[in-house]
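Input: a single structure, listed below in structure tokens.
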Amino acid sequence: MTVWLTDVSVFSTEALQASCNGVAYNRPFIESFEETPMLVAVLTYMGYGILTIFGYLRDFLRDWKIEKCHIAREREEQKEFVPLYQDFENFYTRNLYMRIRDSWNRPICSVPGPKMDLVERVSHDYNWTFEHTGKVVKDVINLGSYNYLGFAENSGPCAEAAAEVTEKYGVGVASTRQEMGNLDKHEELEQLVARFLGVESAMVFGMGFATNSMNIPALTGKGCLILSDELNHTSLVLGARLSGSTIRVFKHNNMQSLEKLLRDAIVHGQPRTHRPWKKILIVVEGIYSMEGSIVRLPEVIALKKRYKAYLYLDEAHSIGALGPRGGGVLDYFGLDPRDVDIMMGTFTKSFGAAGGYIGGRKELIDYLRTQSHSAAYATSMSPPIAQQIIASMKCIMGEDGTTIGRERLRQLAENTAYFRRRLREDGFIIYGNNDSPVIPVMLYMPAKIGAFGREMLKRNIGVVVVGFPATPIIESRARFCVSAAHTREMLDTALSVLSEVGDLLQVKYSQHRTQPPMYRAFHDTSYEDADN
């Protein structure tokens, strides 16, 4: 196996090739988080300062009825009540978010594949309301959907199989799994998921968000400690809060910070009583959806074993998108699934469907079948959705008799490496791991969030721009999701537009631009050697 590495020392905060903290890595582990240039940071703070000053000025005009306020505010007769709206976030929504609201919630009227159609809309009151023009923007290159393996499609074997199941079962189940909503398709899917993950048993749920938020409370409670990465998804944060457990946050992907919390938890125990914790649960993600970073799983597992803690791994973005067989971060690092106590993931990304799963030991899954709120109260997964997952998962595993799944895995890895390399060569600051298909490009300044999205759409490129509260207030970015369905021509078109818009808006902030090689064969992953 040959692995080629670019010279990333100038912009990479970490390059782990052999070992880190005494833990061996079986492949190069390279992540880049270039520091924000000082001038950009100062101008970003100044931009938010100016917007805040004008926001307070506009609020003053609204208080005196000079300017109309369209958004919900506290009523005069309820001024003495406990506030219904959070003051700062409401201020932010009124005065900052509304100025760039046209960058989000755009109506799509086609399959969200590598290209899509958008309903054209306009606003005559500065984004407070929108009107549809009746026109459709055709063939917009889609760089925002989580369609990693290209299974979000309306034709082909997966779509045909889902259509056949719809004719037989219908669309709705009209019951929970514990009552009349347990179909043979659900049991077939659960057996397939368990085999795909390499675990004893698995359970599926109709909603990915609820898979986290409703199952974590069933696993931990009062007297338990949850150690959560600071950049964990909202569903994990909500589940931890609902559980009633004590929550402590460690720095993102920082094993020293995690080990310190583990050591303190063992030494000091619970507050006041100092009794040992009933459980200590480490909660991490496979790929972090806003940073594009990959969890340092070998080190997390080593710490988990050393301190006798449990590990909850959320593979929403990594399952199907990482590893030679699409098995997520465990497959990517070549680790044993038995080393992870609770394996969670969603079907909304790589499988082109909806819902989520939890896999692990049979005793764990049997417990969740009776104790999980999602199992007891939520409507069962729709039959065509279950069939879409079954068909796409069998394709990835090669059980459909074709090599389509393997080819898509390789294409995704190749597209990811190519897109990341070209963005670096163009001078953009990008975050994350070299193998992550989630690619954040930093914009920083508030005025450039809306401008970037609009300019890209003018050139028929659909992108997702992200700002507060999804990111820290000064770390606004555009987030690209690369797909196996993207052709090289599509990526080159998008990259050409990106370079043009980057020059126009002056967002090529990197101080360590790499030079494009004269010739470079694709050796950025070793997926072609998966069977060796």
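The values are calculated or read from the model by the stated rules, or taken from the named source; none is laboratory data. Nothing here was measured: the structure is a model prediction, and the numbers come from that model. Note that each Cβ is placed from the backbone with ideal geometry, even for glycine, and that neighbours are counted across all protein chains shown. All accessible areas refer to the heavy atoms of the entire protein, side chains included, with ligands and DNA or RNA removed. Shrake-Rupley method; radii C 1.70, N 1.55, O 1.52, S 1.80 Å.
Would you indicate which of [x] 0.96; [y] 1.02; [z] 1.06 is the value of Rg/Rh (Cα atoms, Kirkwood Rh) derived from the coordinates of this structure?
[x]
Sticking with the crude label model, points 7 Å out along Cα→Cβ, report the distance from K508 to L335 in nm, one decimal please.
With each label placed 7 Å out from Cα toward Cβ, I get 3.9 nm.
For every helix of n ≥ 4 consecutive DSSP H residues, a contribution of -39,500 (n - 2.57) applies; sum these over the chain, divide by its total residues, and give [θ] at 222 nm rounded to the nearest 500 deg cm²/dmol.
When only DSSP H runs of four or more count, the value is -11500 deg cm²/dmol.
At 0.36 nm per residue, minus the direct Cα-Cα distance, what do K168 and M46 gain on full extension? Give it in nm, one decimal, please. Walk me through the intermediate numbers first.
Details: separation 122, 0.36 × 122 = 43.92 nm, distance 6.04 nm.
Extra length from K168 to M46 when fully extended: 37.9 nm.
Explain nothing, just the number: relative contact order of the chain, from Cα pairs under 8 Å at least 6 residues apart, as a whole percent.
20
What fraction of the DSSP beta bridges in the chain is antiparallel, stated in percent and rounded to the nearest 5?
Restricted to the chain, the bridges split so that about 65 percent are antiparallel.
Cα centroids of the range 253-300 and the range 336-399: how far apart, whole angstrom?
Their Cα centres are 25 Å away from one another.
Around G345, which amide H atoms from residues at least 5 apart in sequence, or from another chain, sit under 5 Å from its own amide H, with H modelled in the peptide plane?
Under 5 Å from the amide H of G345: E315, Y357.
Using a 7 Å offset from the Cα along the Cα-to-Cβ direction at both F60 and E500, what is the distance between the two label points in nm, to one decimal?
4.3
Quick one: what are the phi-derived ³J(HN,Hα) couplings along the range 187-198, Karplus 6.51/-1.76/1.60 with θ = phi - 60°, whole Hz, x for glycine and proline?
5, 4, 5, 5, 5, 5, 4, 4, 5, 5, 7, x
I need the calculated FRET efficiency for the pair E407 and S155, taking r as the beta carbon distance and R₀ as 25 Å, to the nearest 0.05.
0.90
Going by average Cβ neighbours within 10 Å, how do the peptides 204-212, 470-478 rank, with the highest at the top?
204-212, 470-478
In the range 231-293, what percent of the accessible surface is made up of carbon and sulfur (1.4 Å probe, ligands and nucleic acids excluded)?
54
In what sequence, highest mean first, do 337-343, 364-370 appear when ranked by Cβ atoms within 10 angstrom? List each step's numbers first, then the result.
Working: 337-343: 19.3, 364-370: 16.1.
The peptides rank, most packed first, as 337-343, 364-370.
Counting only protein heavy atoms and a 1.4 Å probe, tell me what percentage of the range 429-504's accessible area is made up of carbon and sulfur.
56
Compute the accessible area per residue over the chain, keeping the other protein chains in place, probe 1.4 Å, unit Å².
Dividing the accessible area of the chain by its residue count gives 47 Å².
Ordered by packing density, taken as the mean number of other Cβ atoms within 10 Å over each peptide's residues, highest first, how do 309-320, 428-439 rank?
Details: 309-320: 27.2, 428-439: 24.5.
Going from most to least packed, we get 309-320, 428-439.
Which ³J(HN,Hα) values in Hz, rounded to whole numbers, follow from the phi angles of the range 161-169 under the Karplus curve 6.51 cos²θ - 1.76 cosθ + 1.60, where θ = phi - 60° and Gly and Pro get x?
Values, residue by residue: 5, 5, 5, 5, 5, 4, 5, 7, 9 Hz.
Which cross-chain or sequence-distant (5 or more) residues have an amide H under 5 Å from the amide H of D229, H modelled 1.01 Å from N in plane?
F250, V283
Please get the size of the charge dipole for the chain, origin at its Cα centre, with Cβ charges of +1 on Lys and Arg and -1 on Asp and Glu, quoted in debye to the nearest 20.
Dipole of the chain, to the nearest 20 debye: 1100 debye.
Once you have a ≥ b ≥ c as the square roots of the Cα gyration tensor eigenvalues for the range 224-297, tell me rounded if a/c is under 1.5, and otherwise prolate or oblate according to whether a/b is larger than b/c. Walk me through the intermediate numbers first.
Working: a/c = 2.97, a/b = 1.57, b/c = 1.89.
Taking the square roots of the gyration eigenvalues as a ≥ b ≥ c, the range 224-297 is oblate.
Simple spin-label model, 7 Å along Cα-to-Cβ: H373 to R306 in nm?
The modelled label-to-label distance comes out at 3.6 nm.
At 0.36 nm per residue, minus the direct Cα-Cα distance, what do F81 and D139 gain on full extension? Give it in nm, one decimal, please. Kindly include the intermediate steps, with their values, before the conclusion.
Numbers: separation 58, 0.36 × 58 = 20.88 nm, distance 5.08 nm.
Stretched out fully, the F81 to D139 stretch lengthens by 15.8 nm.
Report the gain in length on full extension from I71 to N460: 0.36 nm times residue separation, minus Cα-Cα distance, nm rounded to one decimal.
Gain on stretching I71 to N460: 136.9 nm.
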